Amino acid sequence: SDAEYMAAPDQLPKIAAPLVTREPSIHGPRTMASERVACRVLGQHRSTRRKVPQGRPDEELLTADIIALASQYGRYGYHRITAVLREGGGW
């Protein structure tokens, strides 16, 4: 009947838009370039876009030891600090 088509807008069934209810993509919004092309242009490996970096569980303690050694031996570079940590720091 014509009465169904003449219903007020607030009485029409609600239709969920698929783009509104979907979970957001982990790769970001759609663009003209593929992920492979975009990473090649940026000089970035594709795995860096997909994997979440995970630090070491003792990273804060290691950082504190590095800072303490760098403060104590100001002229040591990272090679020497690493050697000192491996020799006597248990790292």
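Considering only the other residues whose Cβ falls under 15 Å of the Cβ of residue 87, what net charge follows from Lys and Arg at +1 and Asp and Glu at -1? Net charge around residue 87: +1. The mean accessible area for residues of segment 45-91, using a 1.4 Å probe and ignoring ligands and nucleic acids, is 90 Å² per residue. Only protein heavy atoms count here; on that basis, with a 1.4 Å probe, residue 59 has an accessible area of about 90 Å². Across segment 37-50, rounded Karplus estimates of 3J(HN,Hα) from the backbone phi angles (6.51 cos²θ - 1.76 cosθ + 1.60, θ = phi - 60°) give 5, 4, 5, 5, 5, 7, x, 10, 5, 5, 5, 6, 7, 9 Hz, Gly and Pro being marked x.
The values are calculated or read from the model by the stated rules, or taken from the named source; none is laboratory data. Since the structure is predicted, the reported quantities are computational estimates derived from the model, not experimental observations. Ideal geometry is used to build each Cβ from the backbone, glycine not excepted, and the neighbour counts take in all protein chains shown. Areas reflect the complete protein model, heavy atoms only, side chains present, ligands, DNA and RNA absent. Shrake-Rupley method; radii C 1.70, N 1.55, O 1.52, S 1.80 Å.
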